[in-house]
Amino acid sequence: MLQEHLSDERIIFFGAEVHKQQALTQLMDIARGSKKIVDGEKFVSGILERENIISTGIGLGIAIPHTYSEAITDVVITVGISSSGISDYGSIDEKPVHFIVMVAAGSHQHREYLEILARISLLAKNEKVRNALLAAQTAAEVITALVDL
């Protein structure tokens, strides 16, 4: 399910001192490069509005910023890895975020959108996957870790 929406060019490794807003901006910029996002401003607005409601940091080092709207024609997943952690993310467990998995889906994809969010949230419960993501040095290794869910 996730592998069909993942690609090397939408996976980044953040530098040592990245802050939440910098990380989100970098991931949104990468996602906006997809032809599947037809209205970049509406996409960005959706991500930021959702983040302003409550932090998408779900705990155990994972954040899942997400949106769905008619500005998106098909699912786009963008991943950011921070080995040092993003300390100002505002995660519910108040710990640094190491993995950001940004999900954008079309308004016609509500069911698939929810299934993808549920699948990604399993990361928080799977220490093997979290360790594989932290150890990843390449985009291919990140995809392998996420697909092995």
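The values are calculated or read from the model by the stated rules, or taken from the named source; none is laboratory data. None of the values given here were measured: they were computed from a predicted structure. Every residue, glycine as well, gets a Cβ built from its backbone with ideal geometry; the counts of neighbours run over all protein chains shown.
I'd like the full set of residues that are closer than 23 Å to residue 127 by Cα, free of Cβ contacts under 8 Å to residues at least 60 places away in the same chain and in contact with a strand residue (DSSP E or B) (Cβ under 6 Å, 6 or more places away or on another chain), limited to segment 67-96. Within segment 67-96, 85, 91, 92, 93, 96 meet the criteria.
Can you find even one residue in segment 10-24 that is of a type in the set (Asp, Glu), out of contact with any Lys or Arg (no Cβ under 8 Å at 6 or more places or on another chain) and either under 11 Å from residue 104 (Cβ atoms) or at pLDDT 95 or above (or both)? Spell out how you get there, then give the answer.
Going residue by residue through segment 10-24, those that are of a type in the set (Asp, Glu) are 17.
The next check asks that each one be out of contact with any Lys or Arg (no Cβ under 8 Å at 6 or more places or on another chain); those that pass are 17.
Now restrict to residues that are either under 11 Å from residue 104 (Cβ atoms) or at pLDDT 95 or above (or both): none.
Checking segment 10-24: not a single residue is of a type in the set (Asp, Glu), out of contact with any Lys or Arg (no Cβ under 8 Å at 6 or more places or on another chain) and either under 11 Å from residue 104 (Cβ atoms) or at pLDDT 95 or above (or both).
The residues on offer are 15, 40, 90, and the sole one that is out of contact with any helix residue (DSSP H, G or I) (no Cβ under 8 Å at 6 or more places or on another chain), farther than 17 Å from residue 129 by Cβ and small (Gly, Ala, Ser) is 15.
Scanning for something in contact (Cβ under 8 Å) with a residue 40 or more places away in the chain, among the basic types (Lys, Arg) and within 21 Å of residue 76 (Cβ to Cβ), does segment 122-133 turn up at least one residue? Within segment 122-133 (the criterion being in contact (Cβ under 8 Å) with a residue 40 or more places away in the chain, among the basic types (Lys, Arg) and within 21 Å of residue 76 (Cβ to Cβ)), the answer is no, since none of the residues qualifies.
Go through 64, 77, 53, 72 for me and flag whichever is among the β-branched types (Val, Ile, Thr) and either within 20 Å of residue 17 (Cβ to Cβ) or out of contact with any helix residue (DSSP H, G or I) (no Cβ under 8 Å at 6 or more places or on another chain) (or both). Please lay out each step first, then the result.
Values: 64 fails: either within 20 Å of residue 17 (Cβ to Cβ) or out of contact with any helix residue (DSSP H, G or I) (no Cβ under 8 Å at 6 or more places or on another chain) (or both); 77 fails: either within 20 Å of residue 17 (Cβ to Cβ) or out of contact with any helix residue (DSSP H, G or I) (no Cβ under 8 Å at 6 or more places or on another chain) (or both); 72 fails: either within 20 Å of residue 17 (Cβ to Cβ) or out of contact with any helix residue (DSSP H, G or I) (no Cβ under 8 Å at 6 or more places or on another chain) (or both).
Exactly one residue qualifies, and that residue is 53.
Taking the criterion of being in a strand (DSSP E or B), modelled with pLDDT of 95 or more, over 19 Å from residue 45 (Cα atoms) and polar (S, T, N, Q), would at least one residue in segment 82-99 satisfy it? Within segment 82-99 (the criterion being in a strand (DSSP E or B), modelled with pLDDT of 95 or more, over 19 Å from residue 45 (Cα atoms) and polar (S, T, N, Q)), the answer is yes, since at least one residue qualifies.
So which residues in segment 1-31 are polar (S, T, N, Q) and in a loop (DSSP other than H, G, I, E, B)?
We begin by selecting, within segment 1-31, every residue polar (S, T, N, Q); these are 3, 7, 21-22, 25-26.
Matches in segment 1-31: 7 only.
Quick one: in segment 32-81, which of the residues that are of a type in the set (Asp, Glu) and not in a loop (DSSP other than H, G, I, E, B) is nearest to the chain's Cα centre (by Cα)? Among them, the one singled out is 51. Inside segment 41-66, residues that are more than 20 Å from residue 123 (Cβ to Cβ) and in contact with a strand residue (DSSP E or B) (Cβ under 7 Å, 6 or more places away or on another chain) make up a count of 3.
Can you name every residue in segment 100-137 that is outside any helix (DSSP H, G or I) and under 19 Å from residue 45 (Cα atoms)?
Selection gives 100, 101, 102, 103, 104, 105, 106.
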